[in-house]
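What follows is a short report on a single structure.
Every number here is computed from the coordinates shown, using simple stated rules; none is lab data. Note that this is a predicted model, so its numbers are computed, not measured. Here the Cβ positions follow ideal geometry from the backbone for every residue, glycine too, while neighbour counts run over all protein chains shown.
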Amino acid sequence: MLGLYHARDDLEGPLMQQSGFITRPDGLRLAFAHLPGRGPSLVFLPGLRSDMQGSKALDLHEFCESRGQAMLRLDYSGHGASDGAFELGSIGEWASDAMAVITARTDGPLVLVGSSMGGWIGLLLARQLGARLAGYVGIAAAPDFTERLMWDSMGPRERETLLAKGELRVPSDYGEDMVITRKLIEDGRRNLVLDAPLPLPCPVRLLQGQRDPDVPWELALTLAAHIDSPDVQTILIKDGDHRLSRPADLALLRRTVEAILGEN
């Protein structure tokens, strides 16, 4: 049954962090780390092939711990400590994974912080969370990237290979080759967010580096214009890269999150 989990308590400072797994109906386990505290709960959504042990996630964990703020970190299937193969996943499936963990481990208002692909997943979750959504922070958010940044950049031969073989391997600046699957592209088209109204009844902050080699900084402006909310701010970091994990970047992220929490 979705939502069943086992967990362990990890003593980390004044608050007890609980970590463990949510079990999906197909038996795959989804890893999480939950820090109890006051609301709204902060939820960190990692990027593609990233996980809840990244520098931004851990820095926000320390930030939340220092102020007694609740926080949830998680790994999608095929990522981090969760079960599954990355190549079998898709945007819709990873969004469903995140929602399963959120449903099982949180209640009350939420502030979503999504990095890269996590920014897209956060926008998909926002459609379902309704009044629970108290804030949204995108860090180099990459909505619709499977179409805008992958498919649109492929040449005819690459598209033919992808469609015929079901996958395409491309070099990555972050380690081993990236495997782009036909499933990822086709599922992405079913989960686009920039081709329909996108109301977000909460404060929205978009952090974007202008030296990001993966997500064009103009996409942040496109997203900001598309979001239907009276409170949207886009913060461009002129020398910022895609990761935005330098000390100054992390400090900016903390200030941004703190300001949103202060409004709730």
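A few notes on this one:
- Cα gyration tensor category, rounded, prolate or oblate, for the chain with a/c compared to 1.5: oblate
- The chain, relative contact order [Cα under 8 Å, separation at least 6], %: 15
- Added length on full extension, which subtracts the Cα-Cα distance from 0.36 nm per residue, LEU163 to MET178: 3.8 nm
- Check: the chain dipole with +1 on Lys, Arg Cβ and -1 on Asp, Glu Cβ, in debye: 280
- With contacts taken as Cα pairs under 8 Å at a separation of at least 6 residues, segment 139-206 carries a relative contact order of 38 percent.
- A straight Cα-to-Cα reach below 24 Å connects LYS238 with the lysines LYS56, residues fewer than 8 places away in its own chain not being considered.
- Gain upon complete extension [GLU186, ALA131; 0.36 nm per residue less C-alpha separation]: 16.8 nm
- Candidate lysines for bridging to LYS165, where Cα separation is under 29 Å - those fewer than 8 sequence places away on the same chain excluded: LYS183
- FRET efficiency estimate (nearest 0.05) - Cβ-Cβ, VAL170 to ALA196, R0 35 angstrom: 0.75
- Computed [θ] at 222 nm, deg cm²/dmol, the chain (DSSP H ≥ 4; -39,500 (n - 2.57); rounded to nearest 500): -10000 deg cm²/dmol
- Segment 13-167: relative contact order as a whole-number percent, Cα under 8 Å and 6+ apart: 22
- Surrounding net charge for LEU207, when Lys and Arg each add one and Asp and Glu each subtract one, Cβ distance under 14 Å: +2
- Label-to-label distance, nm, for residues given as GLU258 and LYS238 (7 Å Cα→Cβ offset): 2.5
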